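Heads up, the thing below is written out as structure tokens.
The values are calculated or read from the model by the stated rules, or taken from the named source; none is laboratory data. What you see is a predicted model, and the numbers here were worked out from it, not measured in a lab. Glycine also receives a Cβ, built like all others from the backbone with ideal geometry; neighbour counts cover every protein chain displayed.
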Amino acid sequence: MSEIAERTIDTNGYSTFLLDSGGDEREAVILLHGGGPGANASSNWRDFIPELSGDYRVLAPDLVGYGRTDHPENMPGSLTGWIRMRVDQVLAVMDGLGIGTAHLVGNSMGGALAMHLVMTAPDRFGRISLMGSAGGHSQPTPEVIRMVSFYKDPSISALENLTKWFVYDEDALGESIEAIVKVRHEEVMRPEVRRSYECFFASSPAEMAVPPSALRRMPHPFLVVHGREDRFVTPDSSVHLQQHLPNAELHIFNHCGHWVQIERRGAYAALLRDFLADAH
């Protein structure tokens with residue numbers, strides 16, 4: 001099993017933190033985390049990386065505005081501005097590491113970012129998997145409204161409820177919910193994390209939507225997966241994406257919430273490995 005290294009790299013004048021596993025001679029797979037309170041590369045992906053790093057170089061950055069990546073003093077004034085900054089960040093990571101092309105796996109906000117990356121630099125990306133992806137067509141649910149307004153009540157109990165709602169069965173998290181919430185609450189209460197989060201969600205999450213006119217111009221192979229019981233991005237969003245992307249397959253997991261990579265880790269990893277292997 002490949003070890004997971006922690007490293008930083010300069011990206012457009014600020015430092016990006018990322019997890020890096022697998023040999024640098026292998027094809028690269030970049031994992032893009034979601035946008036909930038306390039999200040970062042480690043919380044989203046550390047347990048999933050070993051599913052891929054035996055065959056690929058796996059990179060998981062803390063997207064700007066989250067985690068241990070530098071938080072900008074002069075923050076974008078809109079959600080679309082944040083997306084542009086993250087598109088430039090991922091491309092800068094690839095350039096800094098000498099990666100010409102990569103596959104993408106995006107969860108939630110990271111899925112929307114994956115599609116914006118493909119819109120911006122289509123020749124830099126091969127196969128893309130979207131998991132519970134934002135950027136489709138979905139009405140805001142009470143759960144997502146609670147998520148984007150988290151700092152109106154940034155209590156441990158509010159974060160515990162959100163964390164439970166992210167999954168169909170919290171036992172799938174594999175450790176006590178109290179321990180997970182404690183770590184994530186320490187993260188969300190960092191002043192720079194709070195400042196970035198509140199600025200990012202000052203705009204409507206609907207700004208992440210990718211127009212159907214753009215989707216139909218993405219010929220890349222897409223593997224779109226969703227949990228049937230996802231209440232943050234409902235499955236009809238992935239159905240919409242699959243209908244408009246010209247080369248997409250869709251898989252819905254039952255008894256599964258927003259975090260397919262946690263609740264259906266083995267089954268999703270097998271699907272994803274087969275999907276990526278078809279590139280050869």
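Taking the numbered list (1) closer than 15 Å to GLY34 by Cβ; (2) surrounded by fewer than 19 Cβ atoms within 10 Å (Cβ to Cβ) in turn, SER196 passes all entries but (2). State the number of residues belonging to segment 53-64 that are under 16 Å from the mean Cα position of the chain (by Cα) and under 10 Å from ALA28 (Cα atoms). Here the count works out to 2.
Tell me yes or no: at least one residue of segment 233-247 is over 29 Å from SER149 (Cα atoms) and of a type in the set (Ser, Thr, Tyr). Within segment 233-247 (the criterion being over 29 Å from SER149 (Cα atoms) and of a type in the set (Ser, Thr, Tyr)), the answer is no, since none of the residues qualifies. Tell me yes or no: at least one residue of segment 71-82 is among the β-branched types (Val, Ile, Thr) and at pLDDT 95 or above. The answer is no, given that none of the residues of segment 71-82 is among the β-branched types (Val, Ile, Thr) and at pLDDT 95 or above. The residue that is farthest from ALA267 (Cα to Cα), counting only those in segment 44-67 that are surrounded by fewer than 20 Cβ atoms within 10 Å (Cβ to Cβ) and touching a residue at least 60 places away in the same chain (Cβ under 8 Å), is ASP55. Inside segment 1-20, residues that are surrounded by fewer than 20 Cβ atoms within 10 Å (Cβ to Cβ), of a type in the set (Ser, Thr, Tyr) and assigned to a strand (DSSP E or B) make up a count of 3.
Residues in segment 81-94 that are touching a helix residue (DSSP H, G or I) at 6+ places or on another chain (Cβ under 9 Å), β-branched (Val, Ile, Thr) and more than 14 Å from SER196 (Cα to Cα): VAL87, VAL90. Would you confirm whether or not segment 68-76 contains a residue that is within 26 Å of GLU187 (Cα to Cα), touching a helix residue (DSSP H, G or I) at 6+ places or on another chain (Cβ under 8 Å), in contact (Cβ under 8 Å) with a residue 24 or more places away in the chain and acidic (Asp, Glu)? Looking for residues that are within 26 Å of GLU187 (Cα to Cα), touching a helix residue (DSSP H, G or I) at 6+ places or on another chain (Cβ under 8 Å), in contact (Cβ under 8 Å) with a residue 24 or more places away in the chain and acidic (Asp, Glu), one finds none in segment 68-76, hence no. Across segment 163-187, the number of residues qualifying as surrounded by 19 or more Cβ atoms within 10 Å (Cβ to Cβ) and under 18 Å from ILE145 (Cβ atoms) comes to 3. Selection within segment 21-33: residues that are modelled with pLDDT of 95 or more and buried (at least 21 other Cβ atoms within 10 Å of the Cβ). The member of this set that is nearest to HIS116 (Cα to Cα) is LEU32.
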